[in-house]
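Engineer: Have a look at the structure that comes next, please.
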Amino acid sequence: MKEKVWRIAVVLGICVIFFISCFCALKFEVNNGTYKCKNCSYETVPTYSEALCAMHIGSTRYLKCSKCNKRTWHKWYKKILDK
């Protein structure tokens, strides 16, 4: 019985670490870059929940553009930080 409990605890611990790292990576992506619309080239920063719920392939997300109101694949671009 103790062996089953340890296995479950290890699997749950790994899952928690995995999901926390995924959410931190998404937060970094939203806070440190912009998404550029393929249709009108408008750069936007989505909310955390929009980015979380959007379909994605790598750093490209299927978002609704706030300028042209069309859903397209938006490519992520890293912001150049001023010193």
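Engineer: Report the charge-dipole magnitude of the chain in Debye, nearest 20, computed about the Cα centre from +1 at each Lys and Arg Cβ and -1 at each Asp and Glu Cβ.
Structural biologist: Dipole size: approximately 200 debye.
Engineer: Now a separate question. Using label points projected 7 Å from each Cα along Cα→Cβ, tell me how many nm separate ILE8 and ASN69, to one decimal.
Structural biologist: Taking the two extended label points, one gets 5.2 nm.
Engineer: Working from the alpha-carbon coordinates of segment 2-78, get Rg over Rh, Rh being the Kirkwood radius.
Structural biologist: Here the Rg-to-Rh quotient is 1.21.
Engineer: Now, a different point. Dimensions of segment 37-83 along principal axes (Cα, Å, largest first)?
Structural biologist: 34, 22, 17
Engineer: What residues qualify as long-range amide H neighbours of THR72, i.e. H under 5 Å apart, gap of 5 or more or another chain, H built at 1.01 Å from N?
Structural biologist: LEU63, CYS65
Engineer: Another one. Compute the relative contact order of the chain as a whole-number percentage, counting only Cα pairs closer than 8 Å that sit 6 or more residues apart in sequence.
Structural biologist: 26 percent
Engineer: Give, in nm to one decimal, the length gained when the segment between LYS79 and CYS40 is fully stretched (0.36 nm per residue of separation minus the Cα-Cα distance).
Structural biologist: Between LYS79 and CYS40, full extension yields an extra 12.1 nm.
We did not get these values from a lab; they are worked out from the coordinates using the rules stated. Source: prediction; values computed, not measured. Counting neighbours? That spans all protein chains shown, and the Cβs are built from the backbone with ideal geometry, glycine included.
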